Amino acid sequence: MRQGENKIRGTGSENYSQSNARKGRRNKVRKLSLVMACLLTLVLIVTTVACGGSSPTATAVPAATNTPPPAATSAPATATPTRAPTSTTSPTATTIAPPGVLKVGIVAAMTGPGASWGTAIFNTHKLVAERINAAGGVTVQGKKYMFEIVAGDDKYTAAEAVTVTRKLIFEDKVNFFSGTLASASLVAMGPITDENKIIHFSNSWADKNALEGRKYVYRMALTIPSLHRDPGNWKVYKEKYPTFKTVAGITTNDQSGWASLQSVFDSADAAGFTVAGVKLYERGTTDFKPLLTPLLVNNPDFLSLGSSPEGDIAVMIKQARELGYKGKFVGPNVDASTLGKVASKENMEGMLSYAPALKGAATPPGVIQAMDAYNQKYGTTTSVAAIMWDSLYLLKKAVETANSIEADKVAAAIDAWGEFDTVFGKARMGGKDYYGRKAQIIAPQLVSEIQNGENVNVMLANPVEVPLPAKKWW
Amino acid sequence: MGGQSISSAAVGSFPPNAAVHKVESIMQLIFQTMANALSLSLTYVLVSMGLTLMFSVMQLINFAHGELFMLGGFGIYVFFHKWGINYIAAFAISVVLVSVVGFIIYRIIFRPLRHDFLAAVLASLGIGMIIQNGAQFLFGQDDVGVRPVVSGVVDIANIRVAVDTLVVASAAASFAIALVLFMKYAKTGKAIRSVAEDREAASLQGVNARAMDATGFIIASALAAAAGALMAPLFFLNPFVGLSPMLKGFIVILLGGMGSIPGALLGSFVLGFIETFGLTYIGLWANIIGFLIVMLLILVRPSGFFGRQVTLH
């Protein structure tokens, strides 16, 4: 050994023990990494198996209600397609689906906040698709097509919605989109579905920024922005509650929340109510007392809960009552059965909701049929079934009217529609003055009140398109 | 609000004695906000105690702490809400079971990785994800509620606090006092502190350092479970509820000083009051202002109010 080496390396025994210690620590880390990798793989396998490996499954449902399900009825009649000359195939994503199948993509929250709505939208589409397929499917240019529903979980965020939308378009090769839930998702998805020339029926509350300027995006379910065009509900509230004068609002600080409160305040203002305050909160907030305290100091007659999810609503109404609030809550589409899992019956009592119910004199027969059919299949009652019921039927109508699945022809067919049937009654397409094209279904709006833990329909407001100025409320 | 007699029609205009009325409502708002802030602060105390203990004992950050909180809540949901077991018994069972989970996490992850901070933190993230996914598998992803244990509102001069909030706040204060006394006077608490201060010296004095690590971890897990079990009836549960309390807990221990229990107490109140008053009087900007204040405090005093410098291995 040369002279300098011992100096550099130190004595042999010191090197040996240090080296062994280092080796020991490295081995430990390697072992642990292996353990973690195995655990994470196990989690992935379990999660994939639990989720069924493909489409998200419905969440566990509570026991069925006591309402005996009537015999399944046929869907509302739709117009038969007229014959049209054979169209040429255009090189777009709409013509790439396997022959005989029309794939419909659903982008909604299947996990996390909003999952109860998302899974109900998916289940309703599956149910309606089964019925349409059983009745012979969709006929285009003499050929039969069956609907196939493909879902994507956007976790109620725009970023996930974009990822999921691209996957549905380019990997799953969907022909259409329907039932899009989150407003932020709709705003993000719209340019993508338009760019790929895909007819897109949505169910979110995003307002002008989601529909204006789009070619193939529609709002085909009843949502609050439709009321923006119609102060009918709040005029009815004025008659029903003549001493009530003010409305305040609290909602999430995002597209859904802004759109919902904007339209509530615009409609209420047009009907003669005074807007008494607004609070926006970030999703993930658990304690609402700091927001409710200043909002309720003047005892607003109505407190609109915007588009808040059910868990938030449960806490808000509890804390509002604890703070002494005696007024009336106005919810979004709130199902008493779902809200009842997190909120007490006493706190829910009297809440007005845009969720159609099975009970009440104002209930149209089509709504009962839709919700009963959902109950028969899934063992639970949800207003989403009624709200989403017509979407796929209207898609069928659009495609058969156009006698094509090409987006431009289908859009032209929708534009030419007159009055048509929905589970809520006679409807039509509207919104041309507001959105620049007929992009919004105008159908009767059911309002229910939660009575003794159940939604009961108390009024059916008929829509009137009225040009409402969009005031700045916050 | 409460017995307030201002009618909704009076918004923007006031009856005679308007000035007195206005001052009364301003004062009422302030006092109600203070009551809200106190109750929020005490929930942060509850959440941050376990994290503080874990860091002070092991100098480790457990990112699965929020999931232990979530499991405590679901324990109450299953045993009390679904199975109808008495709340106290359900609470005890939940805390014991989650403590066992905490011990398992300590044994398979944190003990082998005692000397590798980064690996332990990453591993705790992984464990947290496993627990969260497991909870999704078992309980689904929907929000669920726990029926109230107590009900009613205490109204003192129109300042209203729900009875269940008072119970949680009292429990939080009790746990905090008990923990401080335990760490200061109990033999085991002193042993845990000695290990935290100087592991080798404590070992030379006959303290089983590994046993104290495990004990500290179990107590921290029990505190997380207790927090979740107490707060479940106040809010709602889903497999993702652990994230927010954990983040708030980290902010609290950063403010108060990593490893300082009194510091965590003070940090809880600072955060609770900033958030409550900010949201009440400023609105959404309060979130940004709140974070800015926290960042400023940390910049001015990086070790927190009462913290000590910690060397990460």
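The values are calculated or read from the model by the stated rules, or taken from the named source; none is laboratory data. Only a predicted model underlies this, so the values are computations on that prediction, with no experimental measurement involved. Cβ: placed from backbone, ideal geometry, glycine included. Neighbour counts: every protein chain shown. Accessible surface areas use protein heavy atoms only, side chains included; no ligands, DNA or RNA. Shrake-Rupley method; radii C 1.70, N 1.55, O 1.52, S 1.80 Å.
Quick rundown of the values:
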| item | result |
| --- | --- |
| At 0.890 mPa s and 25 °C, Stokes D of region A:358-404 from Kirkwood alpha-carbon radius, µm² per second | 209 |
| Quotient of Cα Rg and 2.2 N^0.38 Å for region A:186-322, N being how many residues it contains | 1.15 |
| Total accessible area lost when A and B pair, probe 1.4 Å, Å² to nearest 100 | 4000 |
| Base-10 log of normalised Debye intensity for region A:357-474 (one unit scatterer per alpha-carbon) at q = 0.13, 0.18, 0.21 Å⁻¹ | -0.64, -1.02, -1.15 |
| Rounded accessible area per residue of region A:297-375, 1.4 Å, Å² | 23 |
| Apportionment of accessible area to carbon and sulfur, region A:136-177, percent (1.4 Å) | 56 |
| Positions from region B:72-119 whose accessible area shrinks by 10 Å² or more when the full protein complex is built, not the chain alone, probe 1.4 Å | B:Ile108, B:Ile109, B:Pro112, B:Leu113, B:His115, B:Asp116 |
| On Cα atoms only, tilt of B:261-281 relative to the major axis of chain B in degrees | 30 |
| Accessible carbon and sulfur surface of region A:367-413 relative to its total accessible area, %, 1.4 Å | 52 |
| Rounded to 10°, Cα long-axis angle of helix B:243-256 versus longest principal axis of chain B | 80 |
| Two-decimal log10 I(q)/I(0) for region B:90-129, as the Debye equation yields it once each C-alpha is a single scatterer, q = 0.14, 0.27, 0.32, 0.35 Å⁻¹ | -0.35, -0.85, -1.00, -1.08 |
| B:Leu296/A:Lys238 FRET efficiency (R0 56 Å; Cβ-Cβ; nearest 0.05) | 0.65 |
| Sulfur and carbon atoms: percent of accessible area, region B:120-258 [1.4 Å] | 66 |
| Rounded to the nearest 10 Å², the accessible area of A:Arg428 at probe 1.4 Å | 80 |
| Principal axis box of chain B, alpha-carbon based, largest edge first, Å | 77, 50, 34 |
| Volume in Å³ per residue [convex hull over Cα atoms, computed for region B:175-268] | 105 |
| Cα-derived Rg to Rh of region A:291-335, Kirkwood definition | 0.93 |
| For region B:44-134, average projected area of the Cα convex hull in nm² | 6.1 |
| Relative packing of A:151-163, A:411-423, B:43-55, B:273-285, which averages over residues the other C-beta atoms within 10 Å, highest first | B:43-55, A:151-163, B:273-285, A:411-423 |
| When region A:143-227 is reduced to its Cα atoms, the Kirkwood hydrodynamic radius in Å | 12.9 |
| Chain B: angle of helix B:18-58 to the longest principal axis, Cα-based, in degrees nearest 10 | 10 |
| Nearest-10 value in Å² for the accessible area of B:Lys190, using the 1.4 Å probe | 100 |
| By accessible area with a 1.4 Å probe, ligands and nucleic acids excluded, highest first: order of A:Trp474, A:Trp234 | A:Trp474, A:Trp234 |
| Expected-Rg normalisation [2.2 N^0.38 Å, Cα atoms] applied to region B:70-204 | 1.37 |
| For region B:57-109, the fraction of alpha-carbon pairs in successive 5 Å shells from zero, as % | 5, 20, 26, 20, 12, 9, 5, 2 |
| Those chymotrypsin sites (Phe, Trp or Tyr not before Pro) in region B:70-122 that DSSP places in a loop and that have at most 10 other beta carbons within 10 Å | B:Trp83 |
| Long pairs among A:Lys208/A:Lys396; A:Lys289/A:Lys326; A:Lys167/A:Lys208; A:Lys245/A:Lys426; A:Lys359/A:Lys396, criterion Cα-Cα beyond 20 Å | A:Lys208/A:Lys396; A:Lys167/A:Lys208; A:Lys245/A:Lys426; A:Lys359/A:Lys396 |
| Neighbourhood charge, 13 Å Cβ-Cβ cut-off, centred on A:His200 and excluding it, Lys, Arg +1 and Asp, Glu -1 | +2 |
| Share of Cα-Cα pairs in region A:294-403 lying beyond 24 Å, as whole percent | 38 |
